[in-house]
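Each remark here refers to the structure printed beneath this line.
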Amino acid sequence: MKYLPLIWAALGRRKPRTILTGLSIAVAFLLYGMLNAVNVAFNNGVEIAGVDRLVTTGRYSITQILPYGHEAQIRSLPGVEQVAASNWFGGYYQDQRNFFPQFAVEQEAYLSMYPEIVLPAEQKQAFFNTRTGVVVAKTLAERFHWKLGDKIPMQAGIWPLKDGGNVWTFDLVGIFDTANPKDRSQYEMMLIRYDYFDEARQFAKGTAGWYVSKIKNANEAGTLAKQIDALFANSPNETRTDTEKAFNQGFIKQLGDIGLIIRSILGAVFFTLLFLTGNTMMQSVRERIPELAVLKTLGYSDPLVLALVLGESLLLTLIAALVGLGLATILLPGMAAHLPGFSGLTITAQAAVAALGIATLLAIVVGLPPALRAMRLDIVTALSGH
Amino acid sequence: MSEAIVSLRGVSKSYVRGKQSVEVLQKLDLSISRGDFLALMGPSGSGKTTLLNLIGGLDHPSAGEVVVGGQRIDQLSSGALAQWRSHHVGFVFQFYNLLGVLSAEKNVELPLLLTPLSKAQRARHVATALEIVGLADRAKHKPSELSGGQAQRVAIARALVADPTLLVCDEPTGDLDRKTADEILGLLQTLNRQHGKTIVMVTHDPKAAEYATHQLHMDKGRLIEQSANA
Ligand SMILES: Nc1ncnc2c1ncn2[C@@H]1O[C@H](COP(=O)(O)OP(=O)(O)O)[C@@H](O)[C@H]1O
Ligand SMILES: [Mg+2]
């Protein structure tokens with residue numbers, strides 16, 4: 001591309017302005033990269049959720065507790081293979097900011113339902129044999145420098161101990177990973193034994209937060225969910241059963257429509273950018289009318305002049321977009337370290353391609369008006385100043 | 001009389017200003033021979049630049065025929081004209097019109113970017129052109145680092161580099177002091193005499209016109225006399 005030096009030089013004409021414009025584009029793409037990664041992480045949870053797992057919660061709220069007796073009834077349905085009572089522990093380690101999810105689950109049933117959680121056999125056995133035992137995700141163990149055999153004091157957030165104490169001390173007996181490293185952030189959690197939890201807590205004994213059921217045939221999910229809810233219809237503890245996927249979606253919806261929020265933020269950012277960059281490009285062409293007229297005098301055709309101006313816009317936008325995405329790639333791991341459940345934050349190839357697509361579109365939208373103006377420039381008028 | 005390289009027949013040009021149409025050139029006939037160095041003189045507003053623009057294929061006449069290098073250019077589309085200019089005409093302006101962000105050699109290279117020449121070939125042509133105008137040692141300088149005379153030499157090198165049929169100069173010394181102007185005019189004369197370049201130069205400076213082989217005077221859009229310099 002022999003015209004590249006010419007395009008490059010034109011961008012260097014007013015360096016501070018070009019750099020400022022480039023920086024604002026870069027920041028927009030940095031934001032795009034980060035928010036997109038967050039969005040992907042959120043949706044990952046929905047994507048990987050098992051289609052053969054159902055989640056049964058209280059009919060009106062996921063915070064409603066259910067009697068433990070529900071479990072046996074659900075299990076009695078022919079299509080159901082396994083049921084695990086689950087509870088939200090809601091504590092924290094050392095500092096409230098060190099947030100990560102902890103679940104009290106029926107360990108054997110739960111682990112058999114989640115083959116994606118990979119735990120060495122002897123650690124699994126230790127978990128089954130130790131009532132105060134917990135297993136944690138590898139990423140968490142790394143973050144808090146925990147090793148097997150450690151005693152982990154957890155501050156109770158919701159559930160005090162029988163004796164009124166607020167510190168639950170668990171034994172770390174297992175460190176698990178996910179079968180697919182991509183799923184790590186979804187399972188960045190601590191699993192506590194339900195039996196111990198239920199016995200040691202001060203109130204709400206004999207209840208569960210929700211039940212996870214593994215069903216024999218994923219095709220029956222809809223029917224089974226209805227059957228489960230029918231079991232408890234008109235009882236004081238009515239239920240609502242969904243596939244895990246639908247449940248996760250619903251859970252995310254409770255946080256607000258992340259996708260919509262992200263799109264709105266980015267929309268506003270890029271809309272502003274449109275004016276900023278558009279103004280810069282227009283100004284830059286306006287200042288160069290005589291120079292552009294000279295190029296035309298030398299025989300540069302109208303389409304070539306159009307291409308040169310568009311090229312400028314493209315070069316600026318693409319470089320800035322790459323800088324922004326590069327920064328996002330560098331900053332994401334640091335950001336993820338402060339956001340539990342997001343250890344896998346990355347810019348996917350798809351997001352990068354989309355970003356470059358957006359950059360190209362931006363370049364064309366802001367570059368076209370000045371490029372057309374440059375193209376239509378009348379040499380004689382421009383040179384004489386008439 | 002040798003072969004005519006530029007020939008105008010019945011050329012008129014009018015501009016529309018508001019509701020009025022102003023006839024800037026009136027039924028001009030003109031013939032310039034290959035190897036001529038023509039000085040086009042006349043008061044300001046007499047139509048010199050307009051005429052030069054028609055010869056250089058920057059503009060279309062309202063009427064008449066313009067033939068340059070054997071080709072009628074008055075009816076070419078603006079796209080075809082652009083291509084024609086890149087092959088046949090080199091332009092030199094009063095205010096040099098260099099691109100400020102480009103070094104001297106990059107400015108000189110501009111017309112060559114339109115040719116199929118390789119990078120190495122372009123570099124060779126640029127070096128030769130800068131050599132001819134005596135600025136080989138200023139190749140890397142930006143226009144802002146050059147004096148007026150040097151900048152005009154770069155502009156002349158740029159006009160020359162694609163080896164055009166015709167050099168067209170509009171007041172090339174209008175912005176220069178006497179001494180520098182003489183140097184530039186000497187350079188144009190050399191190009192005409194030693195390199196056989198046909199040059200059409202607009203000037204209102206009689207001293208400048210003395211460097212030319214022919215002089216032509218314009219007034220109110222008409223040619224009034226044609227004289228050959230000794
Ligand atoms: N693009 C244009 N539009 C309108 N009038 C023009 C234009 N170009 C030149 N003129 C007019 O044509 C006349 C001749 O202009 P010009 O050829 O530039 O004269 P000169 O170069 O001899 O000073 C002037 O009156 C000028 O105002
Ligand atoms: Mg003039």
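Only one entry of B:83, B:94 meets the criterion of being within 13 Å of chain A (Cβ to nearest Cβ), under 13 Å from the mean Cα position of the chain (by Cα) and open to solvent by 40 Å² or more (accessible area, probe 1.4 Å), and that entry is B:94.
Criterion first (in contact with a Phe, Trp or Tyr (Cβ under 9 Å, 6 or more places away or on another chain) and either of a type outside the set (Gly, Ala, Ser) or more than 11 Å from every other protein chain (Cβ to nearest Cβ) (or both)) does residue A:307 satisfy it? In short, yes.
Name the one entry in B:7, B:14 that is within 16 Å of ligand 1 (Cβ to nearest atom) and open to solvent by 20 Å² or more (accessible area, probe 1.4 Å). Exactly one of B:7, B:14 is within 16 Å of ligand 1 (Cβ to nearest atom) and open to solvent by 20 Å² or more (accessible area, probe 1.4 Å), namely B:14. Out of B:178, B:153, one residue alone is touching a Leu at 6+ places or on another chain (Cβ under 6 Å), at negative phi and free of Cβ contacts under 8 Å to residues at least 40 places away in the same chain. It is B:153. Looking only at residues in region A:354-386 that are more than 11 Å from residue A:296 (Cβ to Cβ) and not in a helix (DSSP H, G or I), the one that is nearest to the other protein chains (Cβ to nearest Cβ) is A:386. For residue A:69, state whether it is open to solvent by 30 Å² or more (accessible area, probe 1.4 Å), out of contact with any Cys (no Cβ under 8 Å at 6 or more places or on another chain) and assigned by TED's automatic domain parsing to the domain that holds residue A:141. Yes: the conditions hold for residue A:69. Screening region A:283-303 for residues that are more than 7 Å from chain B (Cβ to nearest Cβ) and of a type in the set (Gly, Ala, Ser) and picking the one that is surrounded by the fewest Cβ atoms within 10 Å (Cβ to Cβ) gives A:284. If the condition is being farther than 20 Å from residue B:10 by Cα and either of a type in the set (Asp, Glu) or in contact with a helix residue (DSSP H, G or I) (Cβ under 6 Å, 6 or more places away or on another chain) (or both), then region B:31-40 contributes B:36, B:37, B:39. In this entry, residue B:99 is excluded by the filter for residues that are away from ligand 1 (no atom under 16 Å from the Cβ) and more than 26 Å from residue B:144 (Cα to Cα). Residues that are in contact with a Lys or Arg (Cβ under 8 Å, 6 or more places away or on another chain), crowded, with 18+ Cβ neighbours inside 10 Å and within 14 Å of chain B (Cβ to nearest Cβ): does region A:266-281 have at least one? Looking for residues that are in contact with a Lys or Arg (Cβ under 8 Å, 6 or more places away or on another chain), crowded, with 18+ Cβ neighbours inside 10 Å and within 14 Å of chain B (Cβ to nearest Cβ), one finds none in region A:266-281, hence no. Which count do you get for residues in region A:63-98 that are touching a strand residue (DSSP E or B) at 6+ places or on another chain (Cβ under 7 Å), among the aliphatic types (A, V, I, L, M) and outside any strand (DSSP E or B)? Adding up the residues that qualify gives 2.
The numbered conditions (1) part of a strand (DSSP E or B); (2) facing chain A (nearest Cβ under 10 Å); (3) of a type in the set (Gly, Ala, Ser) are all true for residue B:12 except (2). Considering every residue within region A:257-279, establish whether at least one is assigned to a loop (DSSP other than H, G, I, E, B) and modelled with pLDDT under 90. There is at least one residue in region A:257-279 that is assigned to a loop (DSSP other than H, G, I, E, B) and modelled with pLDDT under 90.
Could you tell me whether residue A:76 is surrounded by fewer than 16 Cβ atoms within 10 Å (Cβ to Cβ), among the hydroxyl-bearing types (Ser, Thr, Tyr) and touching a helix residue (DSSP H, G or I) at 6+ places or on another chain (Cβ under 9 Å)? For residue A:76, the condition - surrounded by fewer than 16 Cβ atoms within 10 Å (Cβ to Cβ), among the hydroxyl-bearing types (Ser, Thr, Tyr) and touching a helix residue (DSSP H, G or I) at 6+ places or on another chain (Cβ under 9 Å) - is met. Out of curiosity, is residue B:22 more than 28 Å from residue B:185 (Cα to Cα), within 16 Å of ligand 2 (Cβ to nearest atom) and open to solvent by 10 Å² or more (accessible area, probe 1.4 Å)? Yes; evaluated as a whole, the condition is true for this residue. Of note, residue B:25 does not satisfy the criterion of being without any contact (Cβ under 8 Å) to a residue 60 or more places away in the chain and among the hydrophobic types (A, V, I, L, M, F, W, C). None of B:89, B:108, B:101 is closer than 23 Å to residue B:181 by Cα and at the interface with chain A (Cβ under 10 Å from one of its Cβ atoms) except B:89.
Applying a threshold of 7 Å to beta carbon distances and a minimum spacing of six or more residues, or different chains, the list of pairs starting in region A:365-386 at a residue that is more than 9 Å from ligand 1 (Cβ to nearest atom) and ending at one that is in a loop (DSSP other than H, G, I, E, B) reads A:379/B:58. What do you reckon, is residue A:262 closer than 30 Å to residue A:364 by Cα and surrounded by fewer than 18 Cβ atoms within 10 Å (Cβ to Cβ)? No, not satisfied.
Contact annotation: no residue pair with Cβ atoms under 6 Å, 6 or more positions apart or on different chains, pairs a residue in region A:324-342 that is modelled with pLDDT of 90 or more with a partner that is of a type in the set (Ser, Thr, Tyr). The residue that is nearest to ligand 2 (Cβ to nearest atom), counting only those in region B:191-219 that are among the acidic types (Asp, Glu) and under 24 Å from residue B:134 (Cβ atoms), is B:205.
In region B:36-73, how many residues are open to solvent by less than 30 Å² (accessible area, probe 1.4 Å), part of a loop (DSSP other than H, G, I, E, B), more than 16 Å from ligand 1 (Cβ to nearest atom) and in contact (Cβ under 8 Å) with a residue 60 or more places away in the chain? Residues flagged as open to solvent by less than 30 Å² (accessible area, probe 1.4 Å), part of a loop (DSSP other than H, G, I, E, B), more than 16 Å from ligand 1 (Cβ to nearest atom) and in contact (Cβ under 8 Å) with a residue 60 or more places away in the chain within region B:36-73 amount to 1. Inspection of region B:145-162 identifies no residue that is within 16 Å of ligand 2 (Cβ to nearest atom) and either more than 14 Å from chain A (Cβ to nearest Cβ) or buried (at least 21 other Cβ atoms within 10 Å of the Cβ) (or both). Being over 30 Å from residue A:270 (Cβ atoms) and aliphatic (A, V, I, L, M) is a description that does not apply to residue A:9. Scanning region A:1-24 for residues that are facing another protein chain (nearest Cβ under 9 Å) and over 14 Å from residue A:315 (Cβ atoms) yields a single hit, A:2.
The values are calculated or read from the model by the stated rules, or taken from the named source; none is laboratory data. Everything numeric here is computed off the predicted structure, so don't read it as measured data. So basically every Cβ, Gly included, is an ideal-geometry build from the backbone, and we count neighbours across all protein chains shown. With ligands, DNA and RNA removed, areas are computed over all heavy atoms of the protein, side chains included. Shrake-Rupley method; radii C 1.70, N 1.55, O 1.52, S 1.80 Å.
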